[in-house]
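For reference, the structure is listed below as structure tokens.
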Amino acid sequence: SYQSIEGGLFNVFDTITGMRSSEVTDINDIVSNAQDSNPLFLGSYVNYSNGFKFNSQKEVLSEGFSRQLVSGHAYSIIGFDELSNGFVINNPWGRESNGSYDPSFTIPISQFESLLDDGVVRVGEFS
């Protein structure tokens, strides 16, 4: 588990890559980095699907919903989609055979900013 790495989930990339990272908290900096395709990583502290936050990993999702952010998991932000005005997120797990996780998905900036402000996601960049 990423959480067993010293420093917790947020420092997982430092441990895995040996590179130093720093937290990015300003939404404008996150947008700018994503637009420029600068590598960003995302740590999730809640479950999130199609605009809804869930407190339990055991939460059963409604038909047609796939799980996007999973609590205690790390992702990469691979871009910013101007058309949908949202961040393109990549899940390193890929797609499970039962389709319960989205390998790549977009979170609208307004929802992303709310998740960031609530402290349920943290964003980092390599320095």
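The peptide list 21-27, 34-40, put in order of mean Cβ contacts within 10 Å with the highest first, becomes 34-40, 21-27.
Applying the Karplus relation 6.51 cos²θ - 1.76 cosθ + 1.60 with θ = phi - 60° to the stretch 69-80 yields 3J(HN,Hα) values of 8, 10, 4, x, 10, 10, 9, 10, 9, 9, x, 10 Hz, where x marks Gly and Pro. When all protein chains stay in place and ligands, DNA and RNA are ignored, the 1.4 Å accessible-area order of Arg95, Arg20, largest first, is Arg20, Arg95. The length gained by stretching the chain between Leu83 and Asp29 to full extension, at 0.36 nm per residue less their Cα-Cα distance, is 17.5 nm.
The values are calculated or read from the model by the stated rules, or taken from the named source; none is laboratory data. As the structure is a computational prediction, the values presented were derived from the model and not from experiment. With ideal geometry, Cβ positions are generated from the backbone for all residues, glycine too; neighbour counts draw on all protein chains shown. For the accessible areas, the whole protein counts, side chains as well, though only heavy atoms, and no ligand, DNA or RNA atoms are used. Shrake-Rupley method; radii C 1.70, N 1.55, O 1.52, S 1.80 Å.
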